[in-house]
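None of the figures in this text is laboratory data; all of them are computed from the coordinates on show. Owing to the predicted nature of the structure, the values given are computational and were not obtained by experimental measurement. All Cβ positions, even for glycine, are placed from backbone atoms using ideal geometry, and neighbour counts span all protein chains on display.
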Amino acid sequence: AAQTIGVLVMSYGTPESLDQIEPYYTHIRRGSPPSPEQLQELTDRYKAIVGGVFPLRENTNRQVQALEETLNASASDSVRFVCYQGLKHAAPFIEDGVKQMAADGIQRAVGIVLAPHYSVMSVGGYIKRAKEEAERAGIELSCVQSYHLHPLLIEALAKRVEHALERFHSEDRNRVKVLFTAHSLPERILEMGDPYPEQLLATSRAVAERTQVSNWEFAWQSAGRTSVPWLGPDILDVLEKLHTEQVRAVLVCPVGFVSDHLEVLYDLDIEAKQTAKRLDMHLERTESLNTDPLYMQVLADAVTEQLAKG
Ligand code: FEC
């Protein structure tokens with residue numbers, strides 16, 4: 001019989017319904033409930049986004065399903081892959097996914113996060129929780145740390161940049177500023193020598209090279225509303241700065257995200273677009289990877305390589 005390998009596919013998670021926003025937000029805030037104003041503000045953001053209130057849930061479901069199909073399509077007869085979801089801030093939580101694997105008799109598993117770049121504060125946190133639960137459950141689990149320079153990831157992102165550039169008038173196209181973005185994190189990750197900023201720049205550089213785009217910058221987005229300093233410059237400030245430099249056309253490519261969700265559909269498509277409009281700028285955004293077969297192959301390759309490493 002074929003050996004069954006469990007694949008723990010980890011993602012950020014999103015509320016299941018409007019009344020679940022409060023526990024979700026409380027979980028993100030490590031147990032401290034939001035004020036009524038904060039809760040209202042987040043609820044309003046969810047209600048404003050296009051494509052349903054919580055598109056991340058279905059997008060993650062589709063990605064997990066497509067990854068399982070991709071893995072099994074190229075697997076040898078001696079292995080079969082079964083994917084389990086583990087979410088950071090919502091059910092099924094990372095621990096639930098591991099428990100389900102144990103209940104199904106899985107002994108060996110690979111973990112992967114639906115985010116290409118490693119930070120101790122992002123992917124590192126997912127992996128820590130998965131490993132702790134796997135140890136309790138007696139599952140041998142090894143995890144992919146990052147896949148930010150996989151050639152097919154660069155190809156998929158480059159295609160999107162090329163595609164989106166066509167949305168600008170041909171005479172403007174060579175003056176478009178490409179802004180690669182990712183979720184900001186508290187600045188203290190720099191003192192820890194965290195690879196996150198460098199990995200994001202490496203992805204951005206590789207996509208720029210492949211598309212022969214020389215007019216690009218990197219900006220952070222979606223910084224938390226807390227009192228500690230976050231990595232900058234923030235995209236909204238960069239748009240103001242570009243305005244003073246007479247830039248009139250901007251293409252945002254959120255390389256740190258792989259799905260349509262709040263941080264893309266609100267922070268970019270509503271908030272950044274509003275700023276751009278006020279500044280009389282033409283702003284476009286590249287499409288998210290979602291279930292692009294190239295992205296599914298990136299994940300499948302990373303999982304099989306991790307399995308071979310043991
Ligand atoms: O569509 C959805 O329902 C979920 C969208 C969503 C994604 C996402 C990805 C990342 N986050 C990262 C770090 C932080 C840190 C804090 C933080 C706070 C929030 C809040 C919401 C939220 N995040 Fe998130 N994040 C998403 C949603 N995130 C909502 C709370 C309200 C707000 O601040 O806007 C600050 C926590 C604190 O208060 O201490 C830090 C990172 C990623 C990208 C990597 C990954 O996907 O794991 C890093 C999607």
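Structure notes:
- Amide H contacts of Ser119: Gly124, each under 5 Å away and 5 or more positions distant or on a separate chain (H built 1.01 Å from N in the peptide plane; Pro and chain starts excluded).
- Using θ = phi - 60° in the Karplus curve 6.51 cos²θ - 1.76 cosθ + 1.60, the 3J(HN,Hα) couplings for segment 111-120 round to x, 8, 9, 7, 7, x, 10, 8, 9, 4 Hz; x is entered for Gly and Pro.
- As an equivalent ellipsoid, segment 123-275 spans semi-axes of 31, 19, 14 angstrom, where each value is the square root of five times an eigenvalue of the C-alpha gyration tensor, largest first.
- The Kirkwood hydrodynamic radius of segment 246-291, based on inverse pair distances between different Cα atoms, is 11.0 Å.
- Semi-axis lengths (Å, descending) of the ellipsoid that matches the C-alpha gyration tensor of segment 204-310: 29, 17, 14
- Here, segment 39-121 has an Rg and a Dmax of 16.0, 52 Å when only alpha carbons are counted.
- Taking max minus min of the alpha-carbon positions on each principal axis, segment 68-185 gives extents of 60, 39, 23 Å, largest first.
- The charge dipole of the chain, taken about the Cα centre with unit charges on the Cβ atoms of Lys, Arg (+1) and Asp, Glu (-1), comes to about 160 debye, rounded to the nearest 20.
- Signed unit charges on C-beta, dipole axis of segment 1-109, positive-most listed residue Ser78, Thr43, Phe93: Ser78
- Each listed q (0.17 Å⁻¹) maps to a log10 I(q)/I(0) for segment 85-151, found by the Debye formula over equal Cα scatterers with no solvent: -0.56.
- Distant alpha-carbon pairs in segment 1-86 (separation over 18 angstrom), percent: 56 percent
- In the chain, lysine pairs with alpha-carbon atoms under 20 angstrom apart (chain gap of 8 or more, or interchain): 14
- Evaluating 6.51 cos²θ - 1.76 cosθ + 1.60 at θ = phi - 60° for every residue in segment 203-219, the Karplus couplings come out as 4, 4, 4, 5, 5, 4, 4, 5, 9, 6, 9, 9, 8, 9, 9, 10, 9 Hz, glycine and proline recorded as x.
- The P(r) of segment 138-198 has a tail past 14 Å containing 73 percent of all C-alpha pairs.
- Per residue, the convex hull spanned by the Cα atoms of segment 165-220 amounts to 79 cubic angstrom.
- Segment 231-270 and segment 3-80: distance between their alpha carbon centers, rounded to Å: 23 Å
- Calculated P(r) tail over 38 Å for the chain, as whole % of Cα pairs: 14 percent
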